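The values are calculated or read from the model by the stated rules, or taken from the named source; none is laboratory data. Because the structure is a prediction, the values reported are computed rather than measured. When we count neighbours, we look across all protein chains shown, and the Cβ atoms used for this are built from the backbone with ideal geometry, even at glycine. Please note that ligands, DNA and RNA were not included when accessible areas were found on the heavy atoms of the full protein model with its side chains. Shrake-Rupley method; radii C 1.70, N 1.55, O 1.52, S 1.80 Å.
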Amino acid sequence: MPKKLTGIEIYKLLPKTNCGDCNLPTCMAFAMQVAAKKKALESCPHVSEEAKEALGEAQAPPMRTVKIGSGKKEFTMGGETVLFRHEEKFHHPTGVAIRVPDNMTKEELQGHIHNINQLHFVRAGEELGINLLAVEHRDGDKGKFAETVKEVMALSDLPLLLVCSETSVLQPALEAAGNSRPLICSATADNWEEMASLATQYQAPLTVKCNTLEECADLTAKIKEKGVEDICLDLTGDTFLQSFSNLIMTRRLSLEKSFRPLGYPTLVFPTSHQPFERAAEATACICKYCSIVVLEKGDSWELLPVLTVRQNIYTDPQVPNAIEARLYKIGEPGPEAPVLLTTNFALTYFTVAGEVESSKTSCFVSVVDTGGLGVLNAYADDKLTPEVVIKTIQEQGALEQVQHKKIIIPGLVAVLRMEIQEETGWEVIIGPEEAAGLPTFLRNEWRAS
Amino acid sequence: MAVKLPDVKHNWSHKRNTVTIGATRDAGGTRNHSIQVGGESTLPFYHFEGDIPNPPAVAMEVWDIPPEDWPEPIREPFQEVGHTPGEWARKCVEEYGAECICLRLKGCDPHGANRSPEEAVLSAKSILESVGVPLIVWGCGNDEKDNDVFPLLAEAIAGENCLLGTITQDNYKTLTALCTAYGHKLIAESPVDINIAKQVNILALDAGFPLENIVIYPTSGALGYGIEYVYSIMERSTIAGLRGDKAMAMPILCDIGIEVWKTKEARASQDEIPEWGDANRRGALWEATTAYVYLLAGADILILRHPEAVQAVKTFIKKLMGGES
């Protein structure tokens, strides 16, 4: 939520004449209605321009939302409203960018982009992949930068970061990027005027890089005056701990203090070359508010956990995490395989599935649609009743896949057993109360006949 | 002219509890050193606004029976020592740098090897004899059996100031009384539920156990398997503790190896899922990354299995404690 003005603060901006032209008896009553967003400030015919401006500023979100790129893969960042995910949720997942240095040979470049294009995983029904490419100018041939940008754009449709501090090298690259709105990295105290005019000319968002947050704030204000509004802050410090502190301070400044000069999305270049350390830095950036984290090329075993951290931390804590309710096969279940029943709360399902996998017993798992509730909550909410269980098993056809008529229900809802049994003639077996008990249960207690 | 930034440092009114585990000879035990966890006056690694007197501690897991169902990447390093807890622990400490050993009494499980309380005592003793680091002892999880094993065990290791667990809201009386009688610290377990977490602490307090001697275990999910629920509960607990909720100011323990090495991401071979890459490093990194996430949420003790994960997590802790040049 943007920091709102209170009724009292709004009252101070009003003429305080109690004229009644707004159809409310007093200015105070009107101020309260404005604060509650039930009346617009414009309903007061006498309100000053100054008051309108103050209120408009206060109503603007405390952190700007900035977009990079165009089309389907356009990347949105910023616009965050809370410090902790349990307070509401984190809105725009951290973008993972991969470095593309401009000193590669054509073959190397093609191989590199090809590998990045291959990096995508499906987890819990969601596609995870790389979001951005950071084309970097290294020392050497100046013409190579624009050339690399051109080639990268031919090979990939991911939005770009153009990492280059020399405006003369950058301009041809921006020209090559056309209207694709790459993120320019970065404006510094030395080059900001030229960088700001390039950003304006090519309508591209601009990163600001300084040694301290004070200098950053100073520079964003100047750049904003030049008409550049889509700004991103490079908060990479001398040490990783410095980057970490910068990320936290910036988030607090923008959200708790509505400090506009730092109310922008952020990015960090982790500096470690060791894959485990790099993954650690990326994890900390994701957990602690970073909008873009730029990594070197990583192997899939390195990126899979990093992308999973992002998926988990950016899950909306207010929405029950549900999976599709259907019949799942774990392993290669045959006609003798057990049929387990569970709910479609993702955590419940993944826990059950994990235990079944580690038990090495192939199973059918019939997942009941409980609206994303776990076993006990679903039972309490009448979403896991004998009728629902019977209907689910019948509709999903679990018992048509096997030669027995047995179903295993969660131990926590043992109470459902008799009614299901009487209604259907199936044998209803009480499973363990916790998924962790499944391997032992399946090993010792399950018999198909 | 530089802009002046508004001050955003929070002045938290309270500190989280400090818990000491392990007793040296001076303190009546036989440990070479003890470890302290907790005591922070701010959120994890927010050095700019408060004190973080103790780095989180990394423990390695040892079983009282050979770890036969462990997948290759974590079974291989312990191949030679898996049948003797003392040797296993020694390898963890001397070769892999474990700061603490967690003995899990897996063999006591009545549905498994069903080892006797006397055998559990021998396992714990052999670890205490072969290493000088503090010891955590974790029951087999069967309430009845644990209540059978711990009376003998807690007495046999009296004075060593071990961390014993776990108590739950349904089973806390026996172990709480034992920890009081023999001077051990207690792990209070709750099922990913902040209210129950608090409740278990209060039950222990009502049974006469000081809150200052409790470490909480809010259940640990692996990365990709509900970690975000635990993450938010840990953040909420930490914040509540810093704001003065005495029943929520305990250091937090995360039992990571056991969760991670159940997952497909850690177990699947490269032949099974080629697009996930090298299986050994993937599993180790899945474990390390799970630990990284918990460190950021406020973990004080992390129990791990893979040597490379231990190494990586220790390196990251050092970096977050300001030990990076």
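Looking at the stretch B:15-24, can you tell me whether even one residue there is open to solvent by less than 20 Å² (accessible area, probe 1.4 Å), at pLDDT 95 or above and within 14 Å of chain A (Cβ to nearest Cβ)? Within the stretch B:15-24, not a single residue is open to solvent by less than 20 Å² (accessible area, probe 1.4 Å), at pLDDT 95 or above and within 14 Å of chain A (Cβ to nearest Cβ).
Residues that are acidic (D, E), outside any loop (DSSP other than H, G, I, E, B) and open to solvent by 10 Å² or more (accessible area, probe 1.4 Å): does the stretch B:242-258 have at least one? No: zero hits.
Among the residues making up the stretch A:156-170, a single one is open to solvent by less than 70 Å² (accessible area, probe 1.4 Å), without any contact (Cβ under 8 Å) to a residue 60 or more places away in the chain and farther than 19 Å from A:D234 by Cβ: A:S156. Of B:R236, B:R267, all but one fail to be open to solvent by 40 Å² or more (accessible area, probe 1.4 Å), modelled with pLDDT of 95 or more and within 9 Å of chain A (Cβ to nearest Cβ); the exception is B:R236. Please identify the pairs in which a residue from the stretch A:222-241 that is free of Cβ contacts under 8 Å to residues at least 24 places away in the same chain has its Cβ atom under 9 Å from the Cβ atom of a residue that is open to solvent by 80 Å² or more (accessible area, probe 1.4 Å) and not aromatic (F, W, Y), counting only partners at least 6 apart or on another chain. Once the first residue is free of Cβ contacts under 8 Å to residues at least 24 places away in the same chain and sits in the stretch A:222-241, its partners that are open to solvent by 80 Å² or more (accessible area, probe 1.4 Å) and not aromatic (F, W, Y) give A:G237/A:N211; A:D238/A:N211; A:T239/A:T271; A:T239/B:S325. Does the stretch A:93-113 contain any residue that is without any contact (Cβ under 8 Å) to a residue 40 or more places away in the chain, in contact with a Cys (Cβ under 6 Å, 6 or more places away or on another chain) and farther than 30 Å from A:V309 by Cβ? Scanning the stretch A:93-113 turns up no residue that is without any contact (Cβ under 8 Å) to a residue 40 or more places away in the chain, in contact with a Cys (Cβ under 6 Å, 6 or more places away or on another chain) and farther than 30 Å from A:V309 by Cβ. Residues of the stretch A:405-449 that are assigned to a helix (DSSP H, G or I), surrounded by 17 or more Cβ atoms within 10 Å (Cβ to Cβ), among the aliphatic types (A, V, I, L, M) and modelled with pLDDT of 90 or more: A:L412, A:V413, A:L416, A:I420, A:L438, A:L442.
Filtered by the rule that a residue be basic (K, R) and farther than 25 Å from B:V230 by Cβ, the stretch B:171-201 gives a lone residue, B:K173. Only a single criterion out of (1) touching a Leu at 6+ places or on another chain (Cβ under 9 Å); (2) at pLDDT below 90; (3) part of a loop (DSSP other than H, G, I, E, B); (4) surrounded by fewer than 17 Cβ atoms within 10 Å (Cβ to Cβ) is not satisfied by A:L5, namely (4).
Would the stretch A:372-381 turn up any residue that is assigned to a loop (DSSP other than H, G, I, E, B), out of contact with any His (no Cβ under 9 Å at 6 or more places or on another chain) and away from every other protein chain (no Cβ under 14 Å)? Yes, the stretch A:372-381 contains at least one residue that is assigned to a loop (DSSP other than H, G, I, E, B), out of contact with any His (no Cβ under 9 Å at 6 or more places or on another chain) and away from every other protein chain (no Cβ under 14 Å).
Scanning the stretch A:365-384 for residues that are of a type in the set (S, T, N, Q) and modelled with pLDDT of 95 or more gives a single hit, A:S366. Assess whether A:A217 counts as being within 11 Å of chain B (Cβ to nearest Cβ), within 24 Å of B:V293 (Cα to Cα) and open to solvent by less than 10 Å² (accessible area, probe 1.4 Å). Spelling it out, it is not the case that A:A217 is within 11 Å of chain B (Cβ to nearest Cβ), within 24 Å of B:V293 (Cα to Cα) and open to solvent by less than 10 Å² (accessible area, probe 1.4 Å). Among the residues of the stretch B:140-163, those identified as surrounded by fewer than 17 Cβ atoms within 10 Å (Cβ to Cβ) and either touching a residue at least 60 places away in the same chain (Cβ under 8 Å) or under 16 Å from A:G437 (Cα atoms) (or both) are B:D143, B:E144, B:G159.
Would you mind stating whether B:M321 is within 11 Å of chain A (Cβ to nearest Cβ) and either at pLDDT 95 or above or buried (at least 24 other Cβ atoms within 10 Å of the Cβ) (or both)? In short, yes. Of everything listed in (1) within 14 Å of chain B (Cβ to nearest Cβ); (2) in contact (Cβ under 8 Å) with a residue 60 or more places away in the chain; (3) out of contact with any helix residue (DSSP H, G or I) (no Cβ under 9 Å at 6 or more places or on another chain), the single unmet condition for A:P439 is (3).
Residue check: is A:N312 farther than 24 Å from A:M63 by Cα and either free of Cβ contacts under 8 Å to residues at least 24 places away in the same chain or not assigned by TED's automatic domain parsing to the domain that holds A:T370 (or both)? No: the conditions fail for A:N312. Counting only strands (runs of 3 or more DSSP E) that fall entirely inside the stretch B:1-102 and contain at least 3 residues that are touching a helix residue (DSSP H, G or I) at 6+ places or on another chain (Cβ under 8 Å), the qualifying elements are B:57-63. Please work out which one of (1) part of a loop (DSSP other than H, G, I, E, B); (2) surrounded by fewer than 21 Cβ atoms within 10 Å (Cβ to Cβ) is the condition B:L122 fails and give its number. Unmet condition: (1).
Among the residues of the stretch A:63-122, those identified as open to solvent by 30 Å² or more (accessible area, probe 1.4 Å), under 18 Å from the mean Cα position of the chain (by Cα), under 27 Å from A:S300 (Cα atoms) and within 14 Å of chain B (Cβ to nearest Cβ) are A:P93, A:H120, A:V122.
Residue pairs whose Cβ atoms lie under 9 Å apart, separated by 6 or more positions or on different chains, with the first residue in the stretch B:66-94 and within 19 Å of B:R115 (Cα to Cα) and the second open to solvent by 80 Å² or more (accessible area, probe 1.4 Å) and outside any helix (DSSP H, G or I), are B:P66/B:H83; B:G82/B:E68.
Counting only residues that are under 20 Å from A:M249 (Cβ atoms) and either under 26 Å from the mean Cα position of the chain (by Cα) or not hydroxyl-bearing (S, T, Y) (or both), the stretch A:196-222 holds 14 of them.
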